[in-house]
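Here's the structure we're looking at; comments come further down.
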Amino acid sequence: MTELSEKLENAKPVLESIPVIGPFLVHLLARQDDFKSSSDYWDRRYRTGGNSGPGSYKRLAEFKANFLNRFVDQYQIASVIEYGSGDGAQVKLARYPSYTGVDISPKAVEMCRILFSGDTSKRFLQWDAVVPDSMADLSLSLDASISWRIPCSTPTCGGCLNLLGAS
Ligand SMILES: C[S@@+](CC[C@H](N)C(=O)[O-])C[C@H]1O[C@@H](n2cnc3c(N)ncnc32)[C@H](O)[C@@H]1O
């Protein structure tokens, strides 16, 4: 039992007795205790039928795609790399000459490889398969920056600086 779940177990009777929000609070705290890492969260989400979230669909996805497609076209960008490519819903709207999608969730990468198996302009990699010379004209992170993780812990690492230099 983790420290948080132990505290929760002790506080549960008091929290549950709070009218209306009590049971909700217990539920929320229990879910927080489930959180191990961003990669675990997203991978579990995709494996259990979840998707990349509302920002990757409909109006919001179209807004992002319209802006980026115009930008890529206007500046004649030949290659794009995206960190946090997700389930592929947003990528479906992208019109880029060459695209590399990187994700922390192995399930997302697997889903996208299947979804775009006939499209040679797109490839999908797990974050730890990105090599320092994976340069692109444009580097993106859409709706994923809050869980950004630099692939190594050395701020002056040549590999990471090269990756960031692609931005
Ligand atoms: C909200 S979805 C956004 C998907 C897509 N970029 C879009 O705009 O529709 C966030 C995605 O970022 C991925 N992600 C989160 N942290 C990441 C990281 N440090 N490196 C690579 N991918 C990451 C998650 O697995 C998830 O698929």
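The values are calculated or read from the model by the stated rules, or taken from the named source; none is laboratory data. Computed from a prediction, not measured in an experiment: that's the story for all the values here. Neighbour counts run over all protein chains shown; Cβ positions are idealised from the backbone, glycine included.
Does region 118-135 contain at least one residue that is outside the structural domain of Lys12 (by TED's automatic domain parsing), assigned to a loop (DSSP other than H, G, I, E, B) and among the acidic types (Asp, Glu)?
Within region 118-135, one or more residues are outside the structural domain of Lys12 (by TED's automatic domain parsing), assigned to a loop (DSSP other than H, G, I, E, B) and among the acidic types (Asp, Glu).
Of all residues in region 17-76, which are polar (S, T, N, Q), part of a helix (DSSP H, G or I), away from the ligand (no atom under 13 Å from the Cβ) and modelled with pLDDT under 95? Write out each step before concluding.
Filtering region 17-76 for residues polar (S, T, N, Q) gives 17, 32, 37-39, 48, 51-52, 56, 66, 69, 74, 76.
Add one more test, that the residue is part of a helix (DSSP H, G or I), and what stays is 32, 38-39, 56, 66, 69, 74.
Next, only the ones that are away from the ligand (no atom under 13 Å from the Cβ) stay: 32, 66, 69, 74.
Of everything in region 17-76, just one residue is polar (S, T, N, Q), part of a helix (DSSP H, G or I), away from the ligand (no atom under 13 Å from the Cβ) and modelled with pLDDT under 95, namely Gln32.
Which of the residues belonging to region 14-31 are surrounded by 11 or more Cβ atoms within 10 Å (Cβ to Cβ) and among the charged types (D, E, K, R)?
Glu16
Within region 77-100, track down each residue that is of a type in the set (Phe, Trp, Tyr) and either out of contact with any strand residue (DSSP E or B) (no Cβ under 7 Å at 6 or more places or on another chain) or under 15 Å from Arg113 (Cα atoms) (or both).
Taking region 77-100 and keeping what is of a type in the set (Phe, Trp, Tyr), we get 83, 96, 99.
The one that is of a type in the set (Phe, Trp, Tyr) and either out of contact with any strand residue (DSSP E or B) (no Cβ under 7 Å at 6 or more places or on another chain) or under 15 Å from Arg113 (Cα atoms) (or both): Tyr99.
Those residues that are of a type in the set (A, V, I, L, M, F, W, C) and either touching a strand residue (DSSP E or B) at 6+ places or on another chain (Cβ under 6 Å) or under 21 Å from Asp143 (Cα atoms) (or both), I need them from region 25-76; list them, please. Can you show your working first?
Of the residues in region 25-76, the ones of a type in the set (A, V, I, L, M, F, W, C) are 25-26, 28-30, 35, 42, 60-61, 63, 65, 67-68, 71-72.
Correct list: Phe35, Trp42, Leu60, Ala61, Phe63, Ala65, Phe67, Leu68, Phe71, Val72.
Anything in region 109-145 that is of a type in the set (Gly, Ala, Ser) and within 29 Å of Gln74 (Cβ to Cβ)? List them, or say none. Give the steps one after another, and end with the answer.
Narrowing region 109-145 to residues of a type in the set (Gly, Ala, Ser): 117-118, 121, 129, 134, 136, 139, 141, 144-145.
Of everything in region 109-145, those that are of a type in the set (Gly, Ala, Ser) and within 29 Å of Gln74 (Cβ to Cβ) turn out to be Gly118, Ser121, Ser134, Ala136, Ser139, Ser141, Ala144, Ser145.
Which pairs do you get when a residue that is closer than 21 Å to Arg44 by Cβ, found in region 83-101, comes within reach of a residue that is of a type in the set (Phe, Trp, Tyr) and more than 9 Å from the ligand (Cβ to nearest atom), reach meaning Cβ atoms under 6 angstrom, with the pair 6+ apart or on two chains?
Gly101/Phe124
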